[in-house]
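The values are calculated or read from the model by the stated rules, or taken from the named source; none is laboratory data. Given the structure is predicted, the values throughout are model-derived calculations rather than measurements. Counting neighbours? That spans all protein chains shown, and the Cβs are built from the backbone with ideal geometry, glycine included.
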Amino acid sequence: MYDQKKVAVILAAAGSGKRMGPEDKLYLPLEGIPVLARSACIMEDCSFVDEIVVSLRSGQEDRFQREVTDRFPLTKLRCVALGGAERTDSVNAALNAVSDDVDLVLIHDGARPLADEALIQRVLEAASRHGAAVPAVPLKDTVKTVQPCAEGLVVTATPDRAGLRAVQTPQGFDASLLRDAYHQCLSGPDASKLSFTDDASLVEAIGHPVYLVEGSEDNLKLTTPPDLERAASILRRRAEASKRVPDRPSAPESMQPYRPPLIRTGIGYDVHAFAHDRKLILGGVEIPYERGLDGHSDADVLVHAIMDALLGACALGDIGQHFPDTDPAYRGADSIRLLTLVVRLLHKEGWKPLNIDAIIIAQRPKLAPHIPGMREAIAQAVGLPAGGVCVKASATEHLGFESRGEGIAAQAVVTEESAVTRGC
Ligand code: MG
């Protein structure tokens, strides 16, 4: 919500840019995360955004699921809308899929993975007030108008640069104004002759003023390979800036800034008691047994220990802080899904898991047949090959609560690498 107004984002990802090379630029890794996943996560994490509709090319649905939503769950994703021949057809299809009660619509290029919340807020503020707003930056190069001639192209004029701006996304609109602009522009008698390269053009075409807000030089649209390099260096700069502690030249040694190592290790431990009428879920696998484990979520004690270890390695607290058991949102929660959210948080903070070693301590049931399934489920959620995840099971020689069949415990140790300094 922005100023009591419901906000939808259309993520335009149906284009087929070829200037980046044969590979679809939206799925190229940018510091280890696909470009489109980064663009989507900006909107997922933005506090003003209520829902997201992604416009995709037909045939890209599986790839989007595999490389984006399976790895980076988007709780605000309303649906995927399949694109048409032109950009306007694709955005129009997505616009038709936006909830009826949405007040403001932002349209953002899937290939702009560096927009920030302050920029989004500027666009929403102006769109809320004026109905239509776009971020813009001054031109650095002189622009010429040209026309074809026998030898190629010839300059016809040099417009005054002061009166020109390069516009970016997200572009923001009052929802009914945007729907009206699309309806008028796409259904009029001249519709097939019109060509629009951005969404503000349609609003301009129906005579409504479009206001400019300050854009951002970092808000690159990735078009060519050097753009990807530049974007990576911006992300590294941001990550470094967020870690930097102000230097105090005269501070005693104990007050010197803490410089984290490249590799860090975390430990996790959890216990759940057995309960009747519960499923037994361990490592994301449902195990046939007469009892399950008691808990607010699905009580997957193994995954809980792993999540605590992952968070611990980069000093991000524990799962109780991130997913409190007083929050009804997590009642019966699938812990494997929570694990993907933890990994996403790690990526955001510049860390990625290298390996996980875990042990389940239980007298019964027999767990060995289920361990390959657990390793597979955990590895997939964390983004590691199964060889990077070890799960063991141990009994306790008839000592302790585990041997008495009162509950199950789990321990995990993980190693993580700083994605920032290693340039994953
Ligand atoms: Mg637990």
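Summary of values
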{"item": "Matching residues, the range 279-296, being within 13 Å of the ligand (Cβ to nearest atom) and out of contact with any strand residue (DSSP E or B) (no Cβ under 9 Å at 6 or more places or on another chain)", "result": "His296"}
{"item": "Residue satisfying all of: in the range 1-57; polar (S, T, N, Q) and not in a helix (DSSP H, G or I); modelled with the highest pLDDT among these", "result": "Ser55"}
{"item": "Verdict on Asp141 being part of a helix (DSSP H, G or I) and acidic (Asp, Glu)", "result": "no"}
{"item": "Matching residues, the range 209-229, being farther than 18 Å from Pro135 by Cβ and either of a type in the set (A, V, I, L, M, F, W, C) or surrounded by 16 or more Cβ atoms within 10 Å (Cβ to Cβ) (or both)", "result": "Leu228"}
{"item": "Any chance Arg179 is touching a residue at least 40 places away in the same chain (Cβ under 8 Å) and more than 30 Å from Pro34 (Cα to Cα)", "result": "yes"}
{"item": "Flag if Val382 is under 30 Å from Ser242 (Cα atoms) and β-branched (Val, Ile, Thr)", "result": "yes"}
{"item": "Options Ala309, Ala315: the member that is more than 22 Å from Val391 (Cα to Cα), more than 9 Å from the ligand (Cβ to nearest atom) and aliphatic (A, V, I, L, M)", "result": "Ala315"}
{"item": "Whichever residue in the range 259-278 is charged (D, E, K, R) and surrounded by 14 or more Cβ atoms within 10 Å (Cβ to Cβ) and, among such residues, is farthest from the ligand (Cβ to nearest atom)", "result": "Arg264"}
{"item": "Meets criteria (outside any strand (DSSP E or B) and either touching a residue at least 40 places away in the same chain (Cβ under 8 Å) or buried (at least 22 other Cβ atoms within 10 Å of the Cβ) (or both)) for Leu74", "result": "no"}
